[in-house]
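Notes for the one structure printed next.
The values are calculated or read from the model by the stated rules, or taken from the named source; none is laboratory data. All values reported here derive from a predicted model rather than from experimental measurement. Note: ideal-geometry Cβ built from the backbone for every residue, glycine included; neighbour counts use all protein chains shown. Protein only, heavy atoms only, side chains kept; ligands, DNA and RNA dropped before computing areas. Shrake-Rupley method; radii C 1.70, N 1.55, O 1.52, S 1.80 Å.
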Amino acid sequence: MRTMRIAVAGATGNIGARTVAALEQAGHEVVRISRSLGVDLTTGDGLEAALTGVEAVVDVTSYEAADRDDAVAYFSTTTRNLLVAEERAGVRHHVLLSIAGVDRIEGNAHYAGKREQERLVTEGPVPWTIVPATQFYDFAAKVTSWTEQGGVAAIAPLLVQPIAPTDVADILTEIATGAPQGRYRDVAGPEPQDLVDMARRTNDARGHAVKLVPTWSSLLGPEMAGDVLLPGEDARIAPTTFDEWLAKQQ
């Protein structure tokens, strides 16, 4: 495989840092795009210089917002700026990490923002691949951190089929170094999980004592109940199990 110059937007985040590591391990030259590194996607500052000579861009940026308009505005602005700069730089492949089942859930701000992001990519000037992934293994503990007060945390009783962040990074690396594929099939972990049980086991493994209260909230409502968050039948199943990931949290 020939060496490529590949940019990762959101390079310092959970998936971004792992994608950078996977790409570099495969021998590629990686350009890290992050506000903390001097490239601001919301304004476009530093973006043109960063994309010089770049063949592919992997967008794994994330944004946590409770307000729908705020989330849509953020993803719209950053995606437009990125695509415009990519076209000018002659980038040949835009890879977007998205969410499995993103079209099945209304009323969630983050999902609304990701749908707008997908729309802009599919209608944009740069050949693309969209990779819809299920929730990550660390998602359950993150949810409890959002709601925890006085050692008690509310968490929605969701059914999920989560995936290891390192597996996501490996799949993105594989796709970024190939030809654009349009909408890729869902990627997921090997087993369905109960989010409450995942949160309990993750917090226990990390030595964090918290009482969990299963309940529906404004962030994760009953529209996510049942099999809504599960991957499609033709999903690509990643190898790492939750137990294997959990063993590394201790």
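Report the residue count in segment 30-49 for those that are outside any helix (DSSP H, G or I), open to solvent by 60 Å² or more (accessible area, probe 1.4 Å) and farther than 18 Å from LEU97 by Cα. Residues meeting the conditions: 2.
Is there a residue being farther than 16 Å from GLN117 by Cα and among the hydrophobic types (A, V, I, L, M, F, W, C) anywhere in segment 85-101? Yes, because at least one residue in segment 85-101 is farther than 16 Å from GLN117 by Cα and among the hydrophobic types (A, V, I, L, M, F, W, C). Here GLY27 passes the criteria (1) buried (at least 18 other Cβ atoms within 10 Å of the Cβ); (2) of a type in the set (Gly, Ala, Ser); (3) assigned to a loop (DSSP other than H, G, I, E, B) except the one numbered (1).
In segment 129-157, the residues that are over 30 Å from ILE175 (Cβ atoms) form Cβ pairs under 7 Å with partners that are small (Gly, Ala, Ser) and buried (at least 17 other Cβ atoms within 10 Å of the Cβ), at six or more places apart or across chains, as follows: THR144/ALA153; THR144/ALA199; THR147/ALA153; THR147/ALA154; ILE155/ALA199. Take PRO192 and tell me if it is open to solvent by 10 Å² or more (accessible area, probe 1.4 Å), within 30 Å of ILE155 (Cα to Cα) and under 19 Å from the mean Cα position of the chain (by Cα). Spelling it out, PRO192 is indeed open to solvent by 10 Å² or more (accessible area, probe 1.4 Å), within 30 Å of ILE155 (Cα to Cα) and under 19 Å from the mean Cα position of the chain (by Cα).
Residue-level check: of (1) modelled with pLDDT of 95 or more; (2) among the small types (Gly, Ala, Ser); (3) open to solvent by 20 Å² or more (accessible area, probe 1.4 Å), ALA238 misses just (3). May I ask you to list the residues in segment 154-177 that are of a type in the set (A, V, I, L, M) and over 18 Å from PRO239 (Cβ atoms)? Result: ALA154, ILE155, ALA156, LEU158, LEU159, ALA176. Residues of segment 79-108 that are part of a helix (DSSP H, G or I) and under 15 Å from the mean Cα position of the chain (by Cα): THR79, VAL102.
Against the list (1) surrounded by fewer than 18 Cβ atoms within 10 Å (Cβ to Cβ); (2) part of a helix (DSSP H, G or I); (3) modelled with pLDDT of 95 or more; (4) of a type outside the set (A, V, I, L, M), the condition THR52 fails is (2).
A single entry from ARG183, ARG115, ARG206, ARG119 fulfils the requirement of being within 19 Å of GLN250 (Cβ to Cβ) and either open to solvent by 30 Å² or more (accessible area, probe 1.4 Å) or touching a Cys at 6+ places or on another chain (Cβ under 7 Å) (or both): ARG206.
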